[in-house]
Amino acid sequence: MPIVMDADRIGRTLTRIAHEIDERNKGVQDLALVGVRRRGEHIAKRLASILKDITGHDIPTGALDITLYRDDVARQAAKPVVRRTEINFSIDARKILLVDDVLFTGRTTRAALDALTDFGRPSSIQLVVLVDRGHRELPIRADYVGKNIPTSLADSVNVRLTEIDDRDEVELQSGGDA
Amino acid sequence: MTIQELESDTRVTSLRRKDLLGIEELSSEEIELILDTAEAMKEVGARSIKKVPALRGRTVVNLFFEPSTRTRTSFEIAEKRLSADTLNIAVSTSSVVKGETLVDTALTLEAMSPDMIVLRHQSSGAGHLLSRICKSAIINAGDGLHEHPTQALLDAFTIRERRKRLAGLKVAIIGDLLHSRVLRSNLHLLTKMGADTWVCAPPTLVPADMRRFGVTVTHSVDQAVRDADVVMLLRIQLERMEGAYFSSLREYATVFGMTEERLKLAKPDVMIMHPGPMNRGVEISSEVADGPYSVILDQVANGVAVRMAVLYLLAGGAEHEETA
């Protein structure tokens, strides 16, 4: 069970991504963070707090539940619990940073894009992920990547965050001993 | 994220059934799941675009053998907000008036393979009959004197929204207990969730099996209302009454009708509920129905969210559970 990112590494990575966001957007005006539930929501909140330290500005931050936009409702033996979407600001004409923990097939991102566009017309959407593990099934790429982790399809990548789990870490679990 | 990852990090549960026929067969965990899901659905109804693609491509038939405004429209709105294709069949315009039986009607519909059938019927157990002959998921929208599960669920949702819980609350249900499927669903639900449940009516309108539910039966409205967190009024169903259950509506209103004066015995933040349609001036006075404690319109609004939750959770059906 190799731990590919520990708490320090995750912290430094998010700080680096926050600086990239600030640099690439030439400041944080018109930016808003939207995290994909559940762990993306907490990564988005951490980024908002780091960006506040860097720039002194509060950035509107929301949480998006994409369960009702998934393309596999009928395929799932058990359904994930549907949670509330909480976006308490208008996304119209804003630059939205869509935040998720792991980018894999791209299907979650596809669902998140559909869900977001039902809320309005952002001026742009940029994708932030903590881990990109490859194996895309859709033409989707991330704008900010914490770490690229080469995986096989049978592997699983487990992101743990203290807000939900008992610690911060990213674990690569190989398919053989899953 | 893969489905496996998504499942490992969310509390995965599902309804372990193909149909929703009544509250009686549901576990308290299943009830909680429906109510939690309904909270997310309520948020969808607050958006400017009140539609999500969850049931895209699914067909839902609303088959109503009894008149209904709020239940049918509530289901229809719920189905449309989930992007299902809906079909309304009202008996007055269907082949039922030509003598077709319920089974033949259902088999005919089934041949067109809908995914779900929402059924309202005057006979108790009509949903159970259909569930045995149909592959479609059957949602009971009221069967005879038996159950009306989505009404009890929306009542529970409305109570939980205000009080954050159901356990330990005193809930007094007053009115025509004998003819009420809403009562039976509510008693199953409230007792499963640990509410202190009281029922109150003239002796002629109390069903024989109330002891089975372990609820307190009283014929005194004052006793029922005293310190109640929730007072739920049930309609006097004149259309179902064939004998004389009380002398006159005026007498019923005097002895059992809910008035502002009687309500003073209840908790200061009591909730007044009514499944509708109301007989104003009989089981409930207009002052109470339109007063500050009334959550009757909240019940209607929450009905859509709860029905969305039920439709969503039943979509997919039982065949997928076998692969779990």
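Return the residues of region B:159-182 that are closer than 18 Å to B:ASN302 by Cα and either part of a strand (DSSP E or B) or not basic (Lys, Arg) (or both); say none if nothing qualifies. Explain how you work it out, then say what you get.
Here is the first cut: in region B:159-182, the ones closer than 18 Å to B:ASN302 by Cα are B:159-166, B:182.
Correct list: B:ILE159, B:GLU161, B:LEU166, B:VAL182.
Among the residues of this structure, A:ASP58 counts as one that is of a type outside the set (Val, Ile, Thr) and either surrounded by fewer than 20 Cβ atoms within 10 Å (Cβ to Cβ) or away from chain B (no Cβ under 11 Å) (or both). Flag set for A:THR117, criterion: within 11 Å of chain B (Cβ to nearest Cβ), surrounded by fewer than 18 Cβ atoms within 10 Å (Cβ to Cβ), within 23 Å of B:ALA54 (Cβ to Cβ) and not aliphatic (A, V, I, L, M). Give me the pairs, please: first residue somewhere in region B:67-78 and part of a loop (DSSP other than H, G, I, E, B), second residue anywhere and among the polar types (S, T, N, Q), beta-carbon distance under 9 Å, and either six or more positions apart or on two chains. Here the result reads B:PRO67/B:SER92, each pair linking region B:67-78 to a residue that is among the polar types (S, T, N, Q). Taking the criterion of being over 28 Å from B:LEU311 (Cβ atoms) and either in contact with a strand residue (DSSP E or B) (Cβ under 6 Å, 6 or more places away or on another chain) or charged (D, E, K, R) (or both), would at least one residue in region A:63-71 satisfy it? Checking region A:63-71: not a single residue is over 28 Å from B:LEU311 (Cβ atoms) and either in contact with a strand residue (DSSP E or B) (Cβ under 6 Å, 6 or more places away or on another chain) or charged (D, E, K, R) (or both).
Part of a loop (DSSP other than H, G, I, E, B), buried (at least 18 other Cβ atoms within 10 Å of the Cβ) and touching a Gly at 6+ places or on another chain (Cβ under 9 Å): does that describe B:ILE236? Show your work before the answer.
Working: part of a loop (DSSP other than H, G, I, E, B): yes; buried (at least 18 other Cβ atoms within 10 Å of the Cβ): yes; touching a Gly at 6+ places or on another chain (Cβ under 9 Å): yes.
Considered against the rule, which asks whether it is part of a loop (DSSP other than H, G, I, E, B), buried (at least 18 other Cβ atoms within 10 Å of the Cβ) and touching a Gly at 6+ places or on another chain (Cβ under 9 Å), B:ILE236 comes out as yes.
Residue count for region B:17-61 satisfying the condition of being more than 9 Å from every other protein chain (Cβ to nearest Cβ) and either touching a Cys at 6+ places or on another chain (Cβ under 8 Å) or of a type in the set (Val, Ile, Thr) (or both): 6. In region B:129-143, the qualifying residues are those that are of a type outside the set (A, V, I, L, M, F, W, C) and under 13 Å from the mean Cα position of the chain (by Cα), and the one that is farthest from B:PRO67 (Cα to Cα) is B:ASN140.
Scanning region B:133-189 for residues that are buried (at least 20 other Cβ atoms within 10 Å of the Cβ), among the small types (Gly, Ala, Ser), in the same structural domain as B:ASP222 (by TED's automatic domain parsing) and in contact with a strand residue (DSSP E or B) (Cβ under 9 Å, 6 or more places away or on another chain) gives B:ALA172, B:GLY175, B:SER180, B:SER185.
Every condition in (1) among the acidic types (Asp, Glu); (2) touching a Ser or Thr at 6+ places or on another chain (Cβ under 8 Å); (3) within 26 Å of B:VAL52 (Cβ to Cβ) is met by A:ASP72 except one, and the failing one is (2). Based on this model, can you work out whether A:PHE89 counts as over 18 Å from A:VAL145 (Cα atoms) and aromatic (Phe, Trp, Tyr)? So A:PHE89 passes the test.
Among the conditions (1) surrounded by fewer than 23 Cβ atoms within 10 Å (Cβ to Cβ); (2) under 25 Å from B:LEU55 (Cα atoms), the only one that A:VAL34 does not satisfy is (1). Of all the listed residues (B:THR197, B:THR191), the sole one being under 28 Å from B:GLU161 (Cβ atoms) and part of a strand (DSSP E or B) is B:THR197.
So which residues in region A:120-159 are small (Gly, Ala, Ser) and surrounded by fewer than 18 Cβ atoms within 10 Å (Cβ to Cβ), if there are any at all? Once the filter is applied, which keeps residues that are small (Gly, Ala, Ser) and surrounded by fewer than 18 Cβ atoms within 10 Å (Cβ to Cβ), region A:120-159 yields A:GLY120, A:SER123, A:SER124, A:GLY134, A:SER152, A:ALA154. In region A:82-111, the residue that is surrounded by the fewest Cβ atoms within 10 Å (Cβ to Cβ) out of those that are within 11 Å of chain B (Cβ to nearest Cβ) and among the small types (Gly, Ala, Ser) is A:SER90. Just for region A:157-178: of the residues that are within 14 Å of chain B (Cβ to nearest Cβ) and in contact with a helix residue (DSSP H, G or I) (Cβ under 6 Å, 6 or more places away or on another chain), which one is farthest from A:ILE10 (Cα to Cα)? Ranking the qualifying residues of region A:157-178, first place goes to A:GLU163. Name the residue that is surrounded by the fewest Cβ atoms within 10 Å (Cβ to Cβ), counting only residues in region B:200-233 that are charged (D, E, K, R), part of a loop (DSSP other than H, G, I, E, B) and at pLDDT 95 or above. The residue in question is B:ASP227.
The values are calculated or read from the model by the stated rules, or taken from the named source; none is laboratory data. Please read all numbers here as calculations on a predicted model, not as lab measurements. Cβ: placed from backbone, ideal geometry, glycine included. Neighbour counts: every protein chain shown.
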